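The values are calculated or read from the model by the stated rules, or taken from the named source; none is laboratory data. In this text the structure is predicted, and so the values were computed from the model without any measurement. Glycine also receives a Cβ, built like all others from the backbone with ideal geometry; neighbour counts cover every protein chain displayed.
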Amino acid sequence: MKKVLYVPLDDRDCNYDFPYQLSLMTDCLSILRPERALMGSLKRAAEREKIWDWIFLHAEECSYAILSVDTLLYGNLIGSRIHEEGMESCEERMRRFSELRRRAPGLKIHALHLVARAAAYNSAQEDPDYWADYGYLIWRYGYLLDKLERGEAAEEERAELPLLKGKIPERYLEDFLRRRKLDLSMNLRSICLLRDGVFDTLTIPKDDTAEYGYAASDQKLIQEKLREERLFDRAYIYPGADEAGSVLFARIFNLEVGWTPSVYLRFSSLSAAAMIPKYEDRALGESIRWQLLSAGALTADAASDSDCMLAVHASGVGQLEAMEQEKADLRFRNSMNPLELLRYIEYYKKRYQRAVGLSDVAMANGADNLFMDLMVKMGLQDRISAFAGWNTAENSNGTVIAQLLIAAYYRDFSGMKRQKEVSDCFLGRALTADWLCQANVLRDFVEKCRSEGERVDPYHLGENAAEAREYFLERLRALLMEKLSGMLKGKKLSLRDLRFHWDGAWYFSLDCGLGEED
């Protein structure tokens, strides 16, 4: 069994554990990870020196590597937004990748290096402290500046720019732009490492992005560098972040088994493929095709030519936040035909007996309750191989695609009891976390906190973490019985554990188990 050296984007399960779970679904790859304690947490940077020592210790025994450049440069995902690093220290760390190539010439290095985000709202939870008061203004300033530079700003937007700049303290804007300039220079340095053969591939996800703004401006320069170096065949730029480790693992799996899967793509809305989701910069259909390509797959023109199917529930008129889905109007609902999509899943499974993955991205940050209730009523939770409906559209799509491609290769793990159990537990976790928890229990908990005068802060649980955990566990176990009858694929579905990363209710993770029915 070949080994994959994996340095995650941060310590949360979506980055640290999901790719590991995927590796347990295979019979040919295993993952080596640094100890979780080395990965830091939120604004506490990872222990980069110890992780580099760990890399050099294990590199020669591995065939592949998935390396987060952000972690090794800045300490983790959040570190890329708040670090105080200088050019010299970053250049020194970048040189270590060349040293790694020299020490392990046979290691296939798949590097992951994000375009740093600029959040479009006021919150310092995952950003510099001044983002609490000036985050939206800084984001808006960059958004309009990019439109102006493209010659697309309206007259009122031109007039708004100097007013915005006047409202942002100069020291904060300078701090943000200084860090962003350094981050961009490191993105360009990664392209040089790709050119020089240090990296075999380079994936550049755009974290919480938009059609205009700082990330869009950076992407233009990144693309110019890729064009100059003629490297577009080895670099991937598309929206996403927390799913990327899983997608890159699926890519390595497909390389290892020598397979290029073809995926039939079907939406619940005829216009969904052209819709631009929240926190993303391009049409949903294009982002999905990038996710598939990054994972080593291609889209199939016809179901009969496919190895598996990705079913995508999405609106044709935009996304809503899952916490506000009760406000969905007729225009939103009429832009989709969820029953037709679910009937087609039934048809596809009966006709082709191939794996199906279901991505629910009608809402951001949680699943669509009406759709999920209909899906369960039709019993399709027992027929799909993968599901996701969490955070951003590409977080969901990438997670589903990664599991789907592995399941499709093994024909839904026929004759592979251990791998099938891992895959089904991962499916049960997704149904519980993305639907029952993020779209329901988390929403109810946040509303409860507000109704009680914010005695408990859902972003900083602190001494209330145990109380919050009991609330989540009690509500989730009740919903498991109410919505799924406590069953999945003929086995008892149980909630084994629930924990909060980064001291916040939003950063929950959970584990599910499957046992034989009494």
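Of note:
- If only residues of the stretch 250-308 that are closer than 30 Å to LEU320 by Cα and of a type in the set (S, T, N, Q) are counted, the one that is nearest to the chain's Cα centre (by Cα) is GLN291.
- Flag if MET94 is over 22 Å from ASP503 (Cα atoms), among the hydrophobic types (A, V, I, L, M, F, W, C), buried (at least 18 other Cβ atoms within 10 Å of the Cβ) and in contact (Cβ under 8 Å) with a residue 12 or more places away in the chain: yes
- Looking only at the stretch 1-54, and only at residues there that are small (Gly, Ala, Ser) and part of a helix (DSSP H, G or I), the one that is farthest from LEU427 (Cα to Cα): ALA37
- Residues satisfying the stated conditions in the stretch 344-356, i.e. closer than 11 Å to ARG266 by Cβ and either among the basic types (Lys, Arg) or touching a residue at least 40 places away in the same chain (Cβ under 8 Å) (or both): TYR344, TYR348, VAL356
- Among the residues making up the stretch 103-130, those that are of a type in the set (A, V, I, L, M, F, W, C), within 26 Å of THR203 (Cα to Cα) and not in a strand (DSSP E or B) are ALA104, LEU107, LEU114, ALA116, ALA118, ALA119, ALA120.
- Residues located in the stretch 495-505, provided they are touching a helix residue (DSSP H, G or I) at 6+ places or on another chain (Cβ under 8 Å) and either of a type in the set (Gly, Ala, Ser) or in a loop (DSSP other than H, G, I, E, B) (or both): ALA505
- Selection over the stretch 480-494 of residues that are surrounded by 17 or more Cβ atoms within 10 Å (Cβ to Cβ) and assigned to a helix (DSSP H, G or I) gives a count of 3.
- Some residue of the stretch 121-136 being under 28 Å from GLN291 (Cα atoms), in contact with a Lys or Arg (Cβ under 8 Å, 6 or more places away or on another chain), surrounded by 13 or more Cβ atoms within 10 Å (Cβ to Cβ) and not assigned by TED's automatic domain parsing to the domain that holds GLY40: yes
- Breaking point among (1) in a strand (DSSP E or B); (2) surrounded by fewer than 19 Cβ atoms within 10 Å (Cβ to Cβ); (3) under 25 Å from the mean Cα position of the chain (by Cα), for CYS512: (2)
- From the options LEU77, LEU57, LEU67, residue that is assigned by TED's automatic domain parsing to the domain that holds ASP10, assigned to a helix (DSSP H, G or I) and either among the aliphatic types (A, V, I, L, M) or without any contact (Cβ under 8 Å) to a residue 12 or more places away in the chain (or both): LEU57
- Any hit, the stretch 324-345, residues being within 19 Å of the chain's Cα centre (by Cα) and not charged (D, E, K, R): no
- Of all the criteria given as (1) in contact (Cβ under 8 Å) with a residue 60 or more places away in the chain; (2) more than 17 Å from ASP373 (Cα to Cα); (3) touching a Ser or Thr at 6+ places or on another chain (Cβ under 9 Å), the one not satisfied by ARG499 is (1).
- If the condition is being out of contact with any helix residue (DSSP H, G or I) (no Cβ under 8 Å at 6 or more places or on another chain) and touching a residue at least 60 places away in the same chain (Cβ under 8 Å), then the stretch 401-417 contributes LEU404, ALA408, MET416.
- Test: residue in the stretch 387-396 that is part of a helix (DSSP H, G or I), buried (at least 24 other Cβ atoms within 10 Å of the Cβ), hydroxyl-bearing (Ser, Thr, Tyr) and in contact (Cβ under 8 Å) with a residue 12 or more places away in the chain: yes
- Test for ASP133: is it over 19 Å from LEU32 (Cβ atoms) and assigned to a loop (DSSP other than H, G, I, E, B): no
- Residues in the stretch 333-346 that are of a type outside the set (A, V, I, L, M), within 16 Å of ASN369 (Cα to Cα) and crowded, with 19+ Cβ neighbours inside 10 Å: PRO338 only.
- Residue list for the stretch 321-332, restricted to those being under 23 Å from LEU442 (Cα atoms) and surrounded by fewer than 11 Cβ atoms within 10 Å (Cβ to Cβ): GLU326, LYS327, ASP329
- Close pairs from the stretch 424-444: first on the phi < 0 side of the Ramachandran plot and touching a residue at least 60 places away in the same chain (Cβ under 8 Å), partner part of a helix (DSSP H, G or I) and crowded, with 24+ Cβ neighbours inside 10 Å, Cβ under 6 Å, at least 6 apart: TRP435/MET372; ALA439/ALA322
- Checked against (1) surrounded by fewer than 18 Cβ atoms within 10 Å (Cβ to Cβ); (2) of a type outside the set (A, V, I, L, M, F, W, C); (3) free of Cβ contacts under 8 Å to residues at least 60 places away in the same chain, PRO458 passes all but condition (1).
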